[in-house]
Amino acid sequence: MTKTVNPFTVRRPGSIRALVASACVLALAAPLPATAKTAPTSAAPAAPTFETALLQPANAELRGFYYYRDYRPLWLANGELTAPAREVARLVNSSELDGLSPDQVHAAELDAALAKLDADRSPAAADAAELALSRSFAAYVRLTREAPQVGMLFEHVSLQPQSPSAALALQEAAKAPSLAGYVRDMAWLHPLYAPMRRAFAAEANSDPALRRAFRANLARIRDLPAVPPGGRYVLVNTAAQRLWMYDGAKPVDSMKVVVGKVDHPTPMMSGYIRYAILNPYWNVPVDFTRDKIAPRVLAGGPSYLTQRGYEVLSDWSADPTVLDPHTIDWRAVAAGTRELRVRQRPGAANSMGKVKFEFPNQLGIYLHDTPETQLMAKEARMYSSGCIRLQDAQRLGRWLFDGAMPVAGEAESRIDLPSLVPVYVTYLTLQPQDEGGVVVLGDPYGRDVTGEPALAASTGAFRPSR
C-alpha cells in the first residue's frame, strides 16, 4: 500500500529554513490552475515540527541549546535511539540509586515517549523522544551535581559542586569527544562516582548495612569535583588513610597518610592549599596540652618541656610572650579549668617535621611532614589529633611547586605556592574494583551508620594554626 505524504511535513530534521524552502519549490513547480472554477477544499493541517514542539512550556529550558545546534538531535540518529540515549534511560530509571525519586527526573514521561517511538516510528514520536531524553538528562545532571549536605565543609563557594542549567548540561555533553563515553562514565561527576554506582547496582540485594554505606559514599563523592578550576587538586580519603594527587580526571601520584584518631576524627572539608611553612612551629591543640603535656609536666617537672622543645605562650596572637613554665598552674591545665597555648619549636623532634602545607580553616587542619615515619608501616593509620601527616612531604611539595620544592633554612618561613591547589578531604569506606565487586574499607568514624559529619568530638579541640 502506498503511503501519501503531506509535502509540508518533509523537512531536514531540525531546520525550519529547509521547511520554508521546500514549500517554495513545490509552489513554483505546480501546474497553473485551470480556468474552470473548482470547489474550494480545506487544507490538511500541517504536522507539528520539532521547532514548534520546543515552544511548549515543558521545553522552555531546551530552546537555546537546540537553536544553536540548528535543531539537530543529540540522542537520536535517523529516528533511532543511540547507545547514549539508552544509557540515559537506564540511569533515569535507576535514579533511586542516587537518592533521587523518578518524578524528579521525569522517568514516567521518558518511558512513555520511548514506548511511543518504539510503537509507531513517526517523526513526531522521534521528536518527542528526543526532547524527553534531553529533559530527563538535564534534570538528572543538575540533581546529581547539587551538594548533598553530608558534612563537607567548604572554604569557598568556588569549591562547592555547581549545578548547571539544562542548556549547559546538554552543551557539556554535546562537546564531549564521545557522547557514549561521557554518559557511561557519568563524566559530569568525579571519576569515582560511576564505578561506585555500578557496584551498588550489582549489589542490589545486599544487606541493609552495605546498601546504607553505598548511599553514603555516593553522596560524599558528589561533593568532589569532576575537574576543578585549574585542573590539579589533592584528594585525601581518611577511611583509606591515603592521599592522591590529581591532574584533571586522573590521579598521577599517591601516598600513605596518618589521620585523626577515632575520638579526634579528621573532618570532611575542602580548601585551597595556599602556601608552605618551612621549619614550622607546632601549635599544640588545647586538648593535647590538657591530656598529654600537663600530666607529664606534673610527673617530671618543667624540664619535660625543655627536652621536647615546647614553650608556653601568653595567647594565640601573632606576637605572643613566652611564659616561664614554673609560673603555670599545671593542675588547672590538666583539669581543663585553664586553657593554655603551647607550641613546639622547629627541630628534629618537631611533630610537624620539616614542612606543613596550609589550607587556612577555622579548625586548624593542615597537611604536614612527620618524624614518626614508623606509623606509615601500619595498616590502620589513625594516630593524629585531626591533621594529616604525610608519608613523603617533599614529594608532595615538589608536585605542588611544579617540580622545585623550596629549600628550608633554619628559621620558620612561609613560601607561597605558584598557584592555589584545591584539597578535598573526604571519607569513602568502599572501594569498587575494576573486575567488579567492592572492597569494604571499614567505617572507623561511624559516619555510614549515623550519617552525621562527626565533628562534635573535634570542633572544640582545634585552634587556628597561625
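Can you tell me the FRET efficiency between residue 435 and residue 56 if r is taken as the Cβ-Cβ distance and R0 is 51 Å, rounded to the nearest 0.05? Can you show the working numbers first?
Values: r = 46 Å, r/R0 = 0.91.
Plugging the Cβ-Cβ distance into 1/(1 + (r/R0)^6) gives 0.65.
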Worksheet entry | Lysine pair number, Cα distance threshold 24 Å (strictly under), the chain, separation 8 or more or different chains | 14
Worksheet item: Sorting 223, 315, 247 on the 10 Å Cβ count, fewest up front, what's the list?
Response: 315, 247, 223
Worksheet entry | Separation in nanometres of the label points that stand 7 Å from Cα toward Cβ, at residue 103 and residue 299 | 6.2
Practice prompt. Quick one: compute the contact order of the chain, relative version, from alpha carbon pairs under 8 angstrom and 6+ residues apart, as a percent.
Written response: 16
Discussion item. Using only Cα atoms and rounding to the nearest 10 degrees, what angle (0 to 90) does helix 123-144 make with the longest principal axis of the chain?
Written reply: 10
Practice prompt. Report, in deg cm²/dmol and to the nearest 500, the calculated mean residue ellipticity at 222 nm for the chain, where each DSSP H run with n ≥ 4 adds -39500 (n - 2.57) and the sum is divided by the residue count.
Written response: -9000 deg cm²/dmol
Worksheet item: Taking only Cα atoms, what is the 0 to 90° angle, nearest 10, from helix 193-202's long axis to the longest principal axis of the chain?
Response: 80
Worksheet item: What is the packing order of peptides 184-195, 265-276, taking the mean over residues of other C-beta atoms within 10 Å and listing the highest first?
Response: 265-276, 184-195
Discussion item. What is the angle, in °, between the Cα long axis of helix 16-29 and the longest principal axis of the Cα atoms in the chain? Nearest 10 is fine, range 0 to 90.
Written reply: 10
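Where a number appears in this text, it was derived from the coordinates with a stated rule and is not lab data. What you see is a predicted model; the values in this text were computed from it and never measured. Note: ideal-geometry Cβ built from the backbone for every residue, glycine included; neighbour counts use all protein chains shown.
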